[in-house]
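First comes the structure, then the notes that go with it.
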Amino acid sequence: MRNVSLHRIWLLVGIFLLMVSCTVDPYESGDTTLSYLKAEMVDMHVVGREIRSVVTDADEKLSVASSYSLPKKMEHADTTYRMMLYYNKEGNKPIELKSLRQAHVVKPSDKESALTLNVDPVKLTSAWEAQNGSYINLSLGLMVGNADSDEAGHKVGFVADSVKTMPDGCKTYYLTFHHDQGGIPEYYTQTVYLSIPIKECKEGDRISIRLNTYSGWIEKTFVR
């Protein structure tokens, strides 16, 4: 893999994604028991509202029936969505798509941008590296409720605090997760999926992520 400076790439992108409604469930399962369902993070290529291809984090290409299409609000001329996909699969048949939840690809920004950012707590459900090494995925719980203002909303992002070069030449990237509750009442939990691209990290590099949770600060480290 090319040894490209990931830190320089991160500086080219913005920090925040506004997440007021992060869940997309266009399909009703009609089932009362979901334990047999598969749940995987995928890259879903879309033209218009038609799903053209679905590739899992294990680089498996899933066959999708042409009858499936996305909600109109997700219509796009030609794009790839990051999704948490729930489905059934039988042999070589097209998958039976049960539901979708849109994930958000978040590229960290530089430390100077973090000077005025909040670190309001969240719930960390899970954090894992994609099997193909393309992303670090996180499942987070944000506390939500009906806000008094239409402008209220969660703001989240990652900031690259520092990069340390190890004796073997590999690098460790230290990231801090920032979260602004944004005036949203904390009544119930909404699940949000985030993906951090790590394709430009070379083998042996480490990515260390710090998050403030309702149980205190947690640090998760992944080796590329």
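The values are calculated or read from the model by the stated rules, or taken from the named source; none is laboratory data. Only a predicted model underlies this, so the values are computations on that prediction, with no experimental measurement involved. All Cβ positions, glycine included, derive from the backbone under ideal geometry; neighbour counts span all protein chains shown. Only protein heavy atoms, including side chains, enter the accessible area calculation; ligands, DNA and RNA are left aside. Shrake-Rupley method; radii C 1.70, N 1.55, O 1.52, S 1.80 Å.
Please determine whether any residue of the stretch 85-101 is loosely packed, with under 14 Cβ neighbours inside 10 Å, within 23 Å of Asn137 (Cβ to Cβ) and in contact with a strand residue (DSSP E or B) (Cβ under 7 Å, 6 or more places away or on another chain).
No, because not a single residue in the stretch 85-101 is loosely packed, with under 14 Cβ neighbours inside 10 Å, within 23 Å of Asn137 (Cβ to Cβ) and in contact with a strand residue (DSSP E or B) (Cβ under 7 Å, 6 or more places away or on another chain).
Six or more apart or on different chains, Cβ atoms under 7 Å: show the pairs whose first residue is in the stretch 175-187 and under 16 Å from Pro108 (Cβ atoms) and whose second is assigned to a loop (DSSP other than H, G, I, E, B) and open to solvent by less than 30 Å² (accessible area, probe 1.4 Å).
Listed pairs, sorted by first residue: Leu175/Pro108.
For the stretch 193-206, give me each residue that is in a loop (DSSP other than H, G, I, E, B), over 15 Å from the mean Cα position of the chain (by Cα) and modelled with pLDDT of 90 or more.
Of everything in the stretch 193-206, those that are in a loop (DSSP other than H, G, I, E, B), over 15 Å from the mean Cα position of the chain (by Cα) and modelled with pLDDT of 90 or more turn out to be Cys201, Lys202, Glu203, Gly204, Asp205.
Would you check which residues across the stretch 33-61 are assigned to a strand (DSSP E or B) and either more than 20 Å from the chain's Cα centre (by Cα) or modelled with pLDDT under 85 (or both) and list them?
Val47, Gly48, Glu50, Arg52
Condition first: modelled with pLDDT of 90 or more and in a loop (DSSP other than H, G, I, E, B). Now tell me which residues in the stretch 71-93 satisfy that.
Matches in the stretch 71-93: none.
What number goes with the only condition from (1) open to solvent by 10 Å² or more (accessible area, probe 1.4 Å); (2) not in a loop (DSSP other than H, G, I, E, B) that Ile209 does not pass?
Single failed check for Ile209: (1).
Just to be sure, is Thr125 open to solvent by 60 Å² or more (accessible area, probe 1.4 Å), in contact (Cβ under 8 Å) with a residue 40 or more places away in the chain and assigned to a strand (DSSP E or B)?
yes
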